[in-house]
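Just below is one structure, and these are the notes that go with it.
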Amino acid sequence: MALVDVMRDMQEQQTILDVRDLKVSFKTPRGHVYAVNGIDFQVTAGEALGILGESGSGKSVSVGAMMGLLESPPAMITGSADYRGTELLNAPASVTRKIHGDRISMVYQDAITSLNPGLKIGTQIGELFKVHRPQMSRGERRAKAVELMEAVGIHSASERVDSYPHEFSGGMNQRIMIALGIALGPDILIADEPTTALDVTVQAQIMKLLGDLRRQSGMALILITHDIGLVAENTDRLMVMYGGRPVETGPTAKVIDRPSHPYTIGLMNSIPQVEMKGQKLVAISGSPPKLSQLPQGCVFAPRCPLARDVCRSSVPEITDIGQDHFSACHFAEEVAND
Ligand SMILES: Nc1ncnc2c1ncn2[C@@H]1O[C@H](COP(=O)(O)OP(=O)(O)OP(=O)(O)O)[C@@H](O)[C@H]1O
Ligand SMILES: [Mg+2]
């Protein structure tokens, strides 16, 4: 094995983000909303982690807590999120300034609203370099902006760099947000539903670009989505969330081949088998848990076709079902072997 491959192997095994028992609740006039109820995950360099779950399962709040995006109060955040030895949760801006938006960047779910309508695209990309890479010259910033726009598939970028957001389509603005996310060569890119607004061809092109970046630079990707086809094709590991808890985690291929939690099975049954790509998750019968009043036992029990008495009275432990694959179901083995 060549030295470069050995080094890449070593880099790939290095944990760069270690999240332990992350909990987030919001104090509201109508009581506490328990949005995230104890999640654990690790991210290694170059890895792609998928976070999959229905609307309201706590995906955005989890990463929002790590990125310092939640106002506190009302948010109450506990647990730990260690990025290369630095604690990110409840950390002062002086600690996270060099990390957030630089070493860990994020493409937001409602990306388009975060572009400034009054600034040319090239200027907006340039601003990022001005703040984080002050040594760069104006010319270098402009050249980099053009390069990034081309990388995300915007043609004639050297002309369009002087256009305003309203002169681009929604999908193009979304690609510009992805360009902003990768501009500083982050260690970790958190992409929250990054390609929902894009057609499948552009979506595939963006995912390929992100995959290439991971292989070349060791960037890790946290891909948050409802789209099971997207995680199936583009992630190494998968965390399925329900009611603010991880219900199943493991290597993506293993989770999809041998789903071991009734919720994951429900998700997989709710989409057509042949063409999984681009499909939204159809709700499993019943409604999502009321986060101000979580059930006493398994959070999925009220909707679970397999629920028994124990499921309604005690919270299931995380069960190791082998090969780095875990399920938070009292009957994990049974479900996995069925
Ligand atoms: N500031 C807040 N105050 C009260 N509740 C909140 C607040 N922010 C988020 N929540 C609640 O936390 C829960 C989790 O929200 P989150 O945005 O993480 O869901 P999500 O999994 O990202 O869903 P989607 O797929 O729709 O983006 C939701 O019930 C939401 O209403
Ligand atoms: Mg969200």
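Restricting to segment 100-144, count the residues that are of a type in the set (F, W, Y) and not in a loop (DSSP other than H, G, I, E, B).
Going through segment 100-144, the residues of a type in the set (F, W, Y) turn out to be 108, 129.
Narrowing further to those that are not in a loop (DSSP other than H, G, I, E, B): 129.
So the answer is 1.
Would you check which residues across segment 190-227 are more than 18 Å from I154 (Cβ to Cβ), buried (at least 18 other Cβ atoms within 10 Å of the Cβ) and more than 16 Å from ligand 2 (Cβ to nearest atom) and list them?
Across segment 190-227, the qualifying residues are R214, G218, M219, A220, L221.
Filter segment 211-256 down to the residues that are of a type in the set (G, A, S) and within 13 Å of ligand 1 (Cβ to nearest atom), then identify the one that is nearest to the chain's Cα centre (by Cα).
So the residue we want is G244.
Out of the residues in segment 164-196 that are touching a Lys or Arg at 6+ places or on another chain (Cβ under 8 Å) and closer than 18 Å to K144 by Cβ, which is nearest to ligand 1 (Cβ to nearest atom)?
That would be P186.
Given the criterion within 22 Å of the chain's Cα centre (by Cα), more than 16 Å from ligand 2 (Cβ to nearest atom) and surrounded by 13 or more Cβ atoms within 10 Å (Cβ to Cβ), identify the matching residue among G122, G85, G126, G68.
Every option except G68 fails the conditions.
Can you pull out the residues in segment 209-263 that are hydroxyl-bearing (S, T, Y) and assigned to a loop (DSSP other than H, G, I, E, B)?
Answer for segment 209-263, where residues must be hydroxyl-bearing (S, T, Y) and assigned to a loop (DSSP other than H, G, I, E, B): T235, S260.
Only the coordinates and a few stated rules stand behind these numbers; no lab work does. Since the structure is predicted, the reported quantities are computational estimates derived from the model, not experimental observations. Note that we place each Cβ from the backbone using ideal geometry, even for glycine, and neighbour counts take in every protein chain shown.
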